[in-house]
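Let me begin by presenting the structure, written as structure tokens, before commenting on it.
The values are calculated or read from the model by the stated rules, or taken from the named source; none is laboratory data. The shown structure was predicted, so the numbers you read here are calculated from the model rather than taken from an experiment. Methodologically, a virtual Cβ is constructed for each residue, glycine included, from the backbone with ideal geometry; neighbour enumeration extends over all protein chains shown.
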There are 2 protein chains.
Amino acid sequence: MVQAGQDESAMRSWVEYDADSEFPIQNIPFGAFLNPRTNEVHCCTRIGDKVIDLSILEHERLLSEGPIMENLDHHVFCEPTLNKFMELGKDARIEVRKAIQGLFAEGSEKLSEAMRQSSMFPVSEVSLRMPVFVRDYTDFYSSYSHAYNVGCMIRGPDNAIQPNWLHLPVGYHGRASSIVLSGTEVRRPKGQVSADKKVPTWSACNRMDLELEMGTIIGRANNLGDPIPVNEARDYVFGYCLLNDWSARDMQVWEYVPLGPFNAKNFCSSISPWIVTPEALAPFKVSLPAQ
Amino acid sequence: MVQAGQDESAMRSWVEYDADSEFPIQNIPFGAFLNPRTNEVHCCTRIGDKVIDLSILEHERLLSEGPIMENLDHHVFCEPTLNKFMELGKDARIEVRKAIQGLFAEGSEKLSEAMRQSSMFPVSEVSLRMPVFVRDYTDFYSSYSHAYNVGCMIRGPDNAIQPNWLHLPVGYHGRASSIVLSGTEVRRPKGQVSADKKVPTWSACNRMDLELEMGTIIGRANNLGDPIPVNEARDYVFGYCLLNDWSARDMQVWEYVPLGPFNAKNFCSSISPWIVTPEALAPFKVSLPAQ
């Protein structure tokens, strides 16, 4: 097992990949895929261009090198999504990440040749799946420049930013069941649009927009009504993904008053298949721009 | 089995109940409860003051008198929610409803004394549970008088009703995970409120409101992007319940611009435990008020 505190930046893997790979042994993202041999959807990770079936490693107890995973009395990676793993919390995630790095680090011989053959697949030969079951989906309006640009588009520059934006995270609930994996076909919606904001016509969307957003996956639940102290909030984050928030802007300007976006935003949102952990992103922390 | 088309209004049950009971044999609502003998949550119905465990009747094939339920190769009522049953669609629901009425109709001896003892419970002795797993929750602003009243409260009478309200169903997505069973304690939320709509203060909610709404349970899914023809929309409705849409109005007026209600509406919504079917409500249809 790789020791806690060990400098990861120098770590290398016996899996070969290019120096500019987005999936070095320092990353260890989590996802889900259809294992082409068993025809079952299981949780996985990726190093270089190899997708690794975590259910196979878990079954052999190769991920149980820390106290949480060692004492777990059920399997979490034979599930079709990461939800059961996410519920275990941050420390379990750190244990599993370290165990995977230990198995795949240069010089490690913990993984037999037979296990290497059975658990690893070229990414080009597998089908990736939705990594998580999304229970609820909230879209926050959290970049000033973006809020200003969209505000100008819809209300003009004088009313682009509302007073509340400076004081609270403005957000709305989206439709959780329309979140799909990147690559899924997006159907252009039809609906009401109105040029004069008084009388609508029926039309296919003429102003399809896209927004590159960062998705935050909340992996643990709190009890309804119990606030989470702000200093503990980070412990509820399992990881991050990219999100494409498709928007039908012409429908949005007609429908969004006073209850917010609805059909203009609920037809599809696409996420990336890999969830990148806070641990993997830690070395890339920078200060926020001054505000 | 009760024949299709038979006049239900004259039907009587061997279960005794008062003439003004809301649960006559004409109702047959669906719900979920903790069976106190097995300690498992199963689907149920109710006649008079008796809750009936449908998983026990299903196990004995007493609900399989129609072609859909007869050929079903799995059980749906031993689930902790109605979702698997709902997915079977309208015709399966009608079959089960008729089968239950046949078992409990006056003069019927299809249910043995042993089965009566094992499947029926006084409602006062059991714990009712959330009848459905709510995948997504949409709140529509569909009563003119209500929209006008709330609009006056928030924007004044001149802007109470927006032009779009007359042309499309204005709605927003709520938080599906905060829908709870009626009787669950509601915690008064804390958050930002602002008297001048410019600068907020932190406060417990001072304007808690409640709204009596009718909840519509959509029991079948469509494929993402496939529109449902309006004349087929009814077939997707499993049933109806009461819904209390708790609202923190002072938080709502501060936060709702421009993306709609969020924290003011997502802390709790309560639903009734019994889902009443379209078949049970059919005899009570009346014309809409003229508009």
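In region A:108-119, which residue that is part of a loop (DSSP other than H, G, I, E, B) and in contact (Cβ under 8 Å) with a residue 24 or more places away in the chain is surrounded by the fewest Cβ atoms within 10 Å (Cβ to Cβ)?
Of region A:108-119, the ones part of a loop (DSSP other than H, G, I, E, B) are A:108-112.
Pick out the ones that are also in contact (Cβ under 8 Å) with a residue 24 or more places away in the chain and you get A:108, A:110-111.
On the way: A:S108: 13, A:K110: 15, A:L111: 18.
Going through the qualifying residues, I end up with A:S108.
Of all the residues in region B:224-253, those that are under 24 Å from B:D91 (Cα atoms), in a loop (DSSP other than H, G, I, E, B) and more than 11 Å from chain A (Cβ to nearest Cβ) number 2.
For region B:91-98, does any single residue satisfy the condition of being at pLDDT below 95, of a type in the set (D, E) and closer than 17 Å to B:I28 by Cα?
Step one: of region B:91-98, the residues at pLDDT below 95 are none.
No, because not a single residue in region B:91-98 is at pLDDT below 95, of a type in the set (D, E) and closer than 17 Å to B:I28 by Cα.
Please indicate, with yes or no, whether at least one residue in region B:156-178 is assigned by TED's automatic domain parsing to the domain that holds B:P261, touching a residue at least 40 places away in the same chain (Cβ under 8 Å), farther than 22 Å from A:A264 by Cα and hydrophobic (A, V, I, L, M, F, W, C). Checking region B:156-178: not a single residue is assigned by TED's automatic domain parsing to the domain that holds B:P261, touching a residue at least 40 places away in the same chain (Cβ under 8 Å), farther than 22 Å from A:A264 by Cα and hydrophobic (A, V, I, L, M, F, W, C). When region A:14-34 is filtered for residues that are surrounded by 21 or more Cβ atoms within 10 Å (Cβ to Cβ), of a type outside the set (F, W, Y) and assigned to a strand (DSSP E or B), the ones remaining, listed by number, are A:G31, A:A32. Pairs meeting the criteria (first residue in region B:268-291 and more than 21 Å from B:S182 (Cα to Cα), second residue polar (S, T, N, Q) and surrounded by 10 or more Cβ atoms within 10 Å (Cβ to Cβ), beta carbons under 7 Å, at least 6 apart or on different chains) are B:A280/B:Q26; B:A280/B:N27.
Yes or no, residue by residue, for (1) touching a Ser or Thr at 6+ places or on another chain (Cβ under 6 Å); (2) in contact (Cβ under 8 Å) with a residue 40 or more places away in the chain; (3) hydroxyl-bearing (S, T, Y):
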{"site": "A:S13", "(1), (2), (3)": "no, yes, yes"}
{"site": "A:E16", "(1), (2), (3)": "no, no, no"}
{"site": "A:I25", "(1), (2), (3)": "yes, yes, no"}
{"site": "A:P29", "(1), (2), (3)": "no, yes, no"}
{"site": "A:T45", "(1), (2), (3)": "no, yes, yes"}
{"site": "A:D49", "(1), (2), (3)": "no, yes, no"}
{"site": "A:I68", "(1), (2), (3)": "no, no, no"}
{"site": "A:N71", "(1), (2), (3)": "no, no, no"}
{"site": "A:H74", "(1), (2), (3)": "no, no, no"}
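Candidates B:S194, B:S203, B:S247: the one that is of a type in the set (S, T, Y) and within 17 Å of B:S142 (Cα to Cα) is B:S247. Going through (1) under 21 Å from the mean Cα position of the chain (by Cα); (2) facing chain B (nearest Cβ under 10 Å); (3) not in a loop (DSSP other than H, G, I, E, B) one by one, A:A221 falls short only on (3). The set of residues in region A:55-100 that are in contact with a strand residue (DSSP E or B) (Cβ under 7 Å, 6 or more places away or on another chain) and in a loop (DSSP other than H, G, I, E, B) comprises A:F77, A:C78, A:E79, A:P80, A:T81, A:L82. Would a scan of region B:254-264 turn up a residue that is away from every other protein chain (no Cβ under 14 Å) and either modelled with pLDDT under 95 or in contact with a strand residue (DSSP E or B) (Cβ under 6 Å, 6 or more places away or on another chain) (or both)? Scanning region B:254-264 turns up no residue that is away from every other protein chain (no Cβ under 14 Å) and either modelled with pLDDT under 95 or in contact with a strand residue (DSSP E or B) (Cβ under 6 Å, 6 or more places away or on another chain) (or both). Picking from residues in region A:199-248 that are surrounded by 12 or more Cβ atoms within 10 Å (Cβ to Cβ) and among the basic types (K, R), the one that is farthest from A:A264 (Cα to Cα) is A:R220. Taking region A:120-216 and the strands (runs of 3 or more DSSP E) fully enclosed by it, no element has 1 or more residues that are at pLDDT below 95 and more than 11 Å from chain B (Cβ to nearest Cβ).
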